[in-house]
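Here's the structure we're looking at; comments come further down.
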Amino acid sequence: MSMKDDLLRILDQLHREHVSRQELAERLDAGAEDRQAFRAAVRELEADGVLIRVKRNYYAVRGRARLVTGKLQCHRSGFGFVIADPDCHPGGDVYVRAADLGDATHGDRVAVQLLDARPGAAPEPPRPGRSGPRLEGRVVRVLERGTPRIIGRILFLKKPVVIPLDPRFHYTVHPVNTDAFELADGDIVSVSLTTEPSTRTRPEGRIVALVGKPDDPELPYKIALSQHDIPTEFPPEALAEARRAPKAITAVELADRADLRHLPAVTIDGETAFDFDDAVNAVRCPDGHYTLWVHIADVSHYVPPDGAVDRDALRRGTSVYFPDRAVPMLPEDLSSDICSLLPDQDRLTFTAELTIDGRTGRTTAARFVPSVIRSRARLTYTQVAAILDGDPSARAQHPKLAAECDGMAELARLLNARRRQRGAIDFDLPEEEVRCDPAGAVIGIFKAERTFAHRLIEEFMLAANEAVAAYFQSRELPFIYRIHEPPDAMKVQELAETAACFGYAFDPNAEAFTPRDFQALADRFEDSPVGQYLAYVMLRTFKLAVYSERNSGHFGLAADDYTHFTSPIRRYPDLIVHRLLRHALAHPDSPTPPGYDTAALHEIAVRASEREREAVEAEREVLAWKKAEFMQQHVGGEFEGFVSGLRPSGLNVQLTRFFIEGFVPLSSLMDDYYVFDERRHLFYGERGGRVFALGTPVTVRVDRVDMVRCQTDFSVVGGGGVAADAPRSEARRRSRSAAGPTSVKGRSTARRAEAKSVRPRVKTHRVKPPSRRRDGGSRRQGRRSR
């Protein structure tokens with residue numbers, strides 16, 4: 001029996017939450033000659049998560065102590081939440097006060113001690129949108145630092161400091177090598193931390209790169225790319241490998257492929273797309289069934305495993321799309337040339353040929369073959385939508401393809417009906433479309449038009465992805481799935497309480513809620529003024545979809561098996577799926593290619609999920625900056641809009657003309673004393689009865705634009721509604737007149753006392769005291785404190 005097994009046996013016998021290393025050594029009777037083996041066994045138990053070090057030589061036993069491990073997500077105001085690891089089930093995220101964060105900072109993986117109710121604290125009242133008391137904890141140990149590199153603005157004060165651009169990092173960094181670059185006040189730099197953050201000392205770091213100057217028009221892009229570790233340049237060896245790829249298809253390459261060049265395949269993409277990785281066509285057979293062909297660019301043919309291009313693609317994980325540019329995953333010699341399904345060009349593809357029941361929409365047979373196709377046309381969503389709407393000019397422009405598009409639309413409707421019948425969640429959230437002039441300046445941000453042409457391609461891609469995943473699941477082969485796990489029961493309850501505030505009853509079975517329950521709710525609020533808000537609340541209820549080597553199904557799609565197969569030019573997991581599928585078809589006796597066992601696929605899945613999240617964050621940050629830059633041109637202008645969100649400190653307003661949202665601080669509503677009614681989710685004026693609720697039309701003026709936080713502040717200059725049931729002052733006036741005249745102080749006292757009984761529980765705006773930095777200094781103090 002190994003020393004590790006002996007320690008596990010001792011821990012089972014102790015039945016305690018905590019144990020010291022000295023006690024373990026004494027019970028194990030470990031002498032000086034066993035010291036190294038003992039320490040190695042303890043470290044191994046730490047790595048396995050059995051023991052969690054809470055002090056230097058003091059450990060908590062996992063599963064017994066009230067400890068939760070997970071990733072810390074801080075808020076700009078100082079507090080944070082710990083998102084528990086999958087094997088921890090505390091009943092929700094754990095709230096951590098700023099004073100209880102210790103040395104931990106945003107992105108760290110931490111161990112949190114759950115706390116009981118604080119002595120003397122009043123019990124927390126129930127609140128719509130949150131079920132049960134909030135879990136609260138204190139960080140006892142930082143298990144793993146999450147951000148060894150910081151992007152910040154350097155200021156040359158008494159001593160130079162770097163202030164992180166991300167406000168969730170509550171400390172400043174002292175750079176130790178300012179002479180390594182030609183730096184000026186306000187420059188954006190990348191700093192690698194050499195000492196960890198602490199409540200007692202300011203961390204130090206080495207400047208590793210000058211990201212940009214304050215007047216650089218490319219600075220927002222550089223910041224996003226640096227902050228999320230997205231490379232813009234390809235390694236020379238990757239570029240050389242991509243250039244060596246053949247520019248034309250040879251007879252040798254066609255030897256073992258199905259020749260599908262006779263099929264009328266077309267690509268359907270957006271107007272600005274430059275890489276075309278999928279083409280489709282469909283036909284209805286005499287027996288009433290459909291045959292659908294989904295042709296995907298055969299990137300795996302040109303990108304060999306562990307080559308220079310493959311290693312760089314794994315590092316990137318995905319392409320990144322900004323409003324006016326893209327950062328591709330593959331070099332352009334591949335992504336925009338030989339791998340792109342250009343019209344009237346022979347291209348190597350991997351084809352999924354699906355037979356679909358013409359009555360039920362169910363896939364009854366699937367065949368996957370390496371192939372060669374020749375795209376008939378490069379169509380856009382706008383063109384296909386016009387063809388389907390019967391536009392004579394659009395149909396005359398593509399007379400041979402118009403009937404083809406009609407047939408594909410019939411099949412897409414059938415597939416969509418099949419998905420909705422099985423309960424797939426399907427609500428369309430609006431997306432932004434940024435329009436720029438030739439010089440790159442933003443001329444407008446609008447709600448992107450979504451037509452049935454988008455739905456057509458989505459349905460075909462979903463069908464192909466499900467068919468590939470079902471093939472591997474049936475053969476029980478190692479694979480990368482795209483999974484979406486069911487939401488936590490507590491978050492579902494919070495959604496139900498929020499929906500109830502707006503009159504939508506939602507009471508799913510807590511033990512076995514299904515996607516159909518959520519889709520039924522979405523159908524009910526779809527056309528409501530609060531529909532968009534509730535859709536976002538529902539979206540936050542769900543977990544993120546991720547890549548995984550284990551198949552747990554896709555909750556949102558109501559699919560037992562799902563993967564990503566259709567975009568190998570821009571997603572690395574799709575490239576891996578192509579390799580696995582090619583090998584499984586060509587080698588039925590040894591269907592798993594070397595180097596792609598379950599452990600290797602797990603590492604790839606984790607990496608791809610992380611890179612996907614970083615890309616989404618980078619895209620969101622640049623889009624927010626574009627919106628702020630555009631609104632800066634309209635400071636002082638007035639726009640029509642409607643209330644799109646409320647919080648105790650103010651309300652969000654979405655403009656009607658532009659797809660831009662801004663914030664109206666409560667302090668800017670000067671015509672009345674406004675109270676936030678949390679139960680009914682609205683603001684009402686105590687004297688005039690003016691009401692601001694979700695969907696209320698308003699006219700706003702652009703007051704200021706904060707380019708650092710990318711936030712636009714509005715003030716209301718018109719609009720607002722009146723609610724007949726809003727608490728008004730008439731009852732108070734009657735009670736005051738009956739009681740006779742009172743002093744000013746008496747009237748105020750009576751008013752406050754009555755308000756407590758008349759008004760529902762509310763939150764009012766309060767001015768916060770100056771927040772404290774993690775190094776102890778106040779944000780309102782002068783330079784000397786820094």
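Annotations
- Test result for Asp337, at positive phi and charged (D, E, K, R): no
- Residue pairs meeting the criteria (Cβ under 9 Å; at least 6 apart or on separate chains; first farther than 23 Å from Val537 by Cα, in segment 415-435; second among the acidic types (Asp, Glu)): Leu415/Glu459; Asn416/Asp426; Asn416/Glu458; Asn416/Glu459; Arg418/Asp357; Val434/Asp324
- Taken residue by residue, segment 592-599 has at least one member that is within 18 Å of Glu476 (Cβ to Cβ), modelled with pLDDT under 95, assigned by the TED database to the domain that holds Val442 and part of a helix (DSSP H, G or I).
- Filter pass, Ala615 being buried (at least 18 other Cβ atoms within 10 Å of the Cβ), under 30 Å from Leu165 (Cα atoms) and in contact with an Asp or Glu (Cβ under 6 Å, 6 or more places away or on another chain): no
- Residues of segment 90-102 classified as modelled with pLDDT of 85 or more and of a type outside the set (Ser, Thr, Tyr), total: 8
- Ile569 vs. criteria farther than 21 Å from Ser474 by Cα and part of a loop (DSSP other than H, G, I, E, B): yes
- Some residue of segment 264-281 being over 34 Å from the mean Cα position of the chain (by Cα) and either touching a residue at least 12 places away in the same chain (Cβ under 8 Å) or outside any loop (DSSP other than H, G, I, E, B) (or both): yes
- Of all residues in segment 626-640 being of a type in the set (Gly, Ala, Ser) and at negative phi, the one that is most open to solvent (accessible area, probe 1.4 Å): Gly637
- Selected residue [over 14 Å from Gly317 (Cα atoms) and surrounded by 21 or more Cβ atoms within 10 Å (Cβ to Cβ)] from Thr598, Thr566, Thr592: Thr566
- Matching residues in segment 575-601 - criterion: being free of Cβ contacts under 8 Å to residues at least 24 places away in the same chain and under 26 Å from the mean Cα position of the chain (by Cα): Ala599, Ala600
- Scoring Ala255 on the criteria (1) of a type in the set (Gly, Ala, Ser); (2) at pLDDT 90 or above; (3) under 28 Å from Asp333 (Cβ atoms) leaves a single failure, condition (2).
- Strands (runs of 3 or more DSSP E) contained in segment 156-249 and holding at least 3 residues touching a helix residue (DSSP H, G or I) at 6+ places or on another chain (Cβ under 7 Å): 204-212
- Among the residues here, Val606 qualifies as β-branched (Val, Ile, Thr) and open to solvent by 40 Å² or more (accessible area, probe 1.4 Å).
- Across segment 309-317, a minimum of one residue is classified as closer than 29 Å to His587 by Cα, in the same structural domain as Val283 (by the TED database), touching a Leu at 6+ places or on another chain (Cβ under 7 Å) and not polar (S, T, N, Q).
- Tallying residues that are modelled with pLDDT of 95 or more and either hydrophobic (A, V, I, L, M, F, W, C) or over 25 Å from Leu585 (Cβ atoms) (or both) within segment 346-359 yields 5.
- Selection within segment 195-207 - surrounded by 15 or more Cβ atoms within 10 Å (Cβ to Cβ) and out of contact with any Pro (no Cβ under 8 Å at 6 or more places or on another chain): Arg202
- Within segment 706-716, the only residue that satisfies the criterion of being touching a helix residue (DSSP H, G or I) at 6+ places or on another chain (Cβ under 6 Å), surrounded by fewer than 21 Cβ atoms within 10 Å (Cβ to Cβ) and in a strand (DSSP E or B) is Ser715.
- Selected residue (criterion: most open to solvent (accessible area, probe 1.4 Å)) from residues of segment 370-402 that are basic (Lys, Arg) and over 38 Å from the mean Cα position of the chain (by Cα): Lys400
- Selection from segment 666-689 of residues that are part of a loop (DSSP other than H, G, I, E, B), open to solvent by 30 Å² or more (accessible area, probe 1.4 Å) and over 30 Å from Leu495 (Cβ atoms): Met670, Asp671, Tyr673, Arg687, Gly688
- Single unsatisfied condition, His554 versus (1) at pLDDT 95 or above; (2) farther than 22 Å from Ala417 by Cα: (2)
- Checking Arg141 against (1) under 16 Å from Ala104 (Cβ atoms); (2) open to solvent by 40 Å² or more (accessible area, probe 1.4 Å); (3) not in a strand (DSSP E or B), the condition it does not meet: (3)
- Scanning segment 492-513 for residues that are in contact with a helix residue (DSSP H, G or I) (Cβ under 9 Å, 6 or more places away or on another chain), not hydrophobic (A, V, I, L, M, F, W, C) and not in a loop (DSSP other than H, G, I, E, B) yields a count of 2.
- Residue in segment 523-531 that is under 21 Å from the mean Cα position of the chain (by Cα), in a helix (DSSP H, G or I) and either of a type in the set (A, V, I, L, M) or crowded, with 21+ Cβ neighbours inside 10 Å (or both) present: no
- Residue satisfying condition, being of a type in the set (A, V, I, L, M, F, W, C) and not in a loop (DSSP other than H, G, I, E, B), within set Phe692, Phe658: Phe692
- Boolean, Val442 is among the β-branched types (Val, Ile, Thr) and closer than 21 Å to Thr360 by Cβ: no
- Count of segment 219-254 residues, restricted to those that are open to solvent by 70 Å² or more (accessible area, probe 1.4 Å) and under 30 Å from Val708 (Cβ atoms), is 4.
- Members of segment 341-360 that are under 33 Å from the mean Cα position of the chain (by Cα) and surrounded by fewer than 21 Cβ atoms within 10 Å (Cβ to Cβ): Leu342, Glu353
- Residue within segment 63-76 that is of a type outside the set (Lys, Arg), loosely packed, with under 13 Cβ neighbours inside 10 Å and at pLDDT 75 or above present: no
- 1 or more residues under 23 Å from Asp277 (Cα atoms) and at pLDDT 95 or above: qualifying helices (runs of 4 or more DSSP H) within segment 383-476: 399-421, 452-475
The values are calculated or read from the model by the stated rules, or taken from the named source; none is laboratory data. Because the structure is predicted, anything quoted here is derived from the model rather than measured. With ideal geometry, Cβ positions are generated from the backbone for all residues, glycine too; neighbour counts draw on all protein chains shown. Just so you know, the surface numbers come from the protein's heavy atoms only, side chains and all, with ligands and any DNA or RNA stripped out. Shrake-Rupley method; radii C 1.70, N 1.55, O 1.52, S 1.80 Å.
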